[in-house]
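Chemist: A single structure is presented below for examination.
The values are calculated or read from the model by the stated rules, or taken from the named source; none is laboratory data. Here the structure is a predicted model, which means the values were calculated and not measured. Note: ideal-geometry Cβ built from the backbone for every residue, glycine included; neighbour counts use all protein chains shown. Quick note on the areas: whole protein, heavy atoms, side chains included, nothing else; ligands and nucleic acids left out. Shrake-Rupley method; radii C 1.70, N 1.55, O 1.52, S 1.80 Å.
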Amino acid sequence: MGNSEEVTVREMLAAKALQVRQLASDKTVTPKTPFITFAVNLPKLRAKYNIRDRSKLIKTGCVLLVCVLLFFIYSLPNIHTAPGEIAMAGAIALIILIDHHDMEGLLHNIEWATLMFFAGLFILVECLSRLGLITTLGNLAADVISSIDPDYQLPAAISIIIWLSAIISAFIDNIPFTASIIPVLIEITHDTQLPLAPLVYALAFGACLGGNGTLIGASANVVAVGIAEEKGYKITFWGFARLGLPVMFITVLVAHAYLLVCHCLFEWGN
């Protein structure tokens with residue numbers, strides 16, 4: 001057995017042993033208040049996850065900064081690239097700069113299940129987008145808004161857009177949904193003479209806060225659940241939804257009230 005394979009096996013056994021110890025401690029340790037638990041765990045986390053290689057930290061930070069800057073400017077007319085190409089270039093550059101010799105162990109630590117889930121999810125969302133489902137929902141919302149009395153169109157448009165975007169974003173990725181709905185919002189403003197700013201704010205609030213509703217609503221949810229499962233804490237779809245959906249509804253309700261007060265009562269930015 002090669003050196004890299006030995007390291008991989010040791011890491012797997014260490015992870016399993018840690019899961020067993022955590023399960024045993026959960027059954028034997030008496031419950032503590034959140035503050036006491038945090039005060040006890042914080043020094044342990046600092047000791048376990050301290051910065052061991054500042055050179056790698058600086059290199060990683062520089063590559064991350066360049067990637068973020070490229071994500072901001074990639075859509076300029078004279079720059080012909082895609083976000084995926086930027087991410088892959090950053091990953092390759094980081095591997096070269098760090099000069100990691102144990103590639104098998106490095107690849108073993110990648111969350112392949114999470115990446116495959118994202119790939120399947122993005123394919124599904126792109127299929128729905130190309131089939132016209134998202135645009136059809138937006139056009140239906142536009143027809144409903146256009147049929148309402150002009151005196152009540154703005155509050156109705158804000159209400160429909162924020163809740164429609166929140167509910168849809170809880171189950172599909174919000175990026176293609178937002179990209180498909182923006183032309184519909186522009187068409188609504190042309191047909192009804194409504195201001196664009198409140199509708200864009202409603203879309204932004206709904207698409208962002210709606211992702212908190214379910215496990216698949218946001219990329220961060222999937223990554224966090226994958227890391228938790230790796231550490232021995234399994235979070236199911238419905239277990240996440242029991243907490244996520246109430247949080248989503250409360251936050252969207254607050255944002256809904258805020259938009260109605262600002263743009264309908266005080267007419268800010270109208």
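Chemist: Apply the Karplus curve 6.51 cos²θ - 1.76 cosθ + 1.60, θ = phi - 60°, to the phi angles in the range 160-167 and return the couplings in whole Hz, x for Gly and Pro.
Modeler: 5, 5, 5, 7, 5, 5, 5, 5
Chemist: Once phi is turned into ³J(HN,Hα) by the Karplus curve 6.51 cos²θ - 1.76 cosθ + 1.60 with θ = phi - 60°, what whole-Hz value does each residue of the range 52-60 show in order, with x for glycine and proline?
Modeler: With the stated coefficients, the range 52-60 comes to 9, 9, 5, 5, 5, 4, 5, 4, 5 Hz.
Chemist: Accessible area of TYR74, 1.4 Å probe, to the nearest 10 Å²?
Modeler: So the heavy atoms of TYR74 present about 80 Å² to solvent.
Chemist: How tilted is helix 219-230 with respect to the longest principal axis of the chain? Cα atoms for both, answer in degrees (0 to 90, nearest 10).
Modeler: Tilt of helix 219-230: around 30 degrees.
Chemist: Please report the accessible area of PHE71 (heavy atoms, 1.4 Å probe, ligands and nucleic acids excluded) in Å², nearest 10.
Modeler: Surface open to solvent at PHE71 totals about 90 Å².
Chemist: If packing is taken as the average count of other Cβ atoms within 10 Å, what order do 37-49, 106-118 fall into, highest mean first? Intermediate results must be reported in sequence, preceding the final value.
Modeler: Values: 37-49: 9.8, 106-118: 13.1.
Ranked by mean Cβ neighbours within 10 Å, highest first: 106-118, 37-49.
Chemist: Here is a further query. Could you tally the net charge around GLY138, taking each other residue with its Cβ under 14 Å from the Cβ of GLY138, Lys/Arg +1 and Asp/Glu -1?
Modeler: That works out to -3.
Chemist: Here's another thing I want to ask about it. How much length is gained on full extension from ILE110 to ILE58, taking 0.36 nm per residue of separation minus their Cα-Cα distance?
Modeler: Once the chain is fully extended between ILE110 and ILE58, it gains 16.6 nm.
Chemist: Then there's this: Note down the magnitude of the dipole of the range 157-270 about its Cα centre, charges +1 on Lys and Arg C-beta and -1 on Asp and Glu C-beta and zero elsewhere, to the nearest 20 debye.
Modeler: Computed charge dipole of the range 157-270: roughly 380 debye.
Chemist: Quickly work out the ILE92-to-SER147 label distance, labels modelled 7 Å from Cα along the C-beta direction, and quote it in nm with one decimal.
Modeler: 5.3 nm
Chemist: Over the Cα atoms, compute the radius of gyration (one decimal) and Dmax (the largest Cα-Cα distance, rounded to a whole number) for the chain, in Å.
Modeler: Cα-based Rg and Dmax for the chain come out at 23.6, 76 Å.
Chemist: Here's another thing I want to ask about it. In Å and whole numbers, how far do the C-alpha atoms of the range 142-270 stretch along each principal axis, longest first?
Modeler: 55, 26, 22
Chemist: Can you tell me, using C-alpha contacts under 8 Å and at least 6 residues apart, the relative contact order of the chain as a whole percent?
Modeler: Values: 216 pairs, mean separation 44.6, N = 270.
Over the chain, the number comes to 17 percent.
Chemist: At a threshold of 8 angstrom on Cα-Cα distance, excluding pairs fewer than six apart, so keeping six or more, what relative contact order does the range 55-202 reach in percent?
Modeler: Numbers: 77 pairs, mean separation 29.6, N = 148.
Relative contact order for the range 55-202 comes out at 20 percent.
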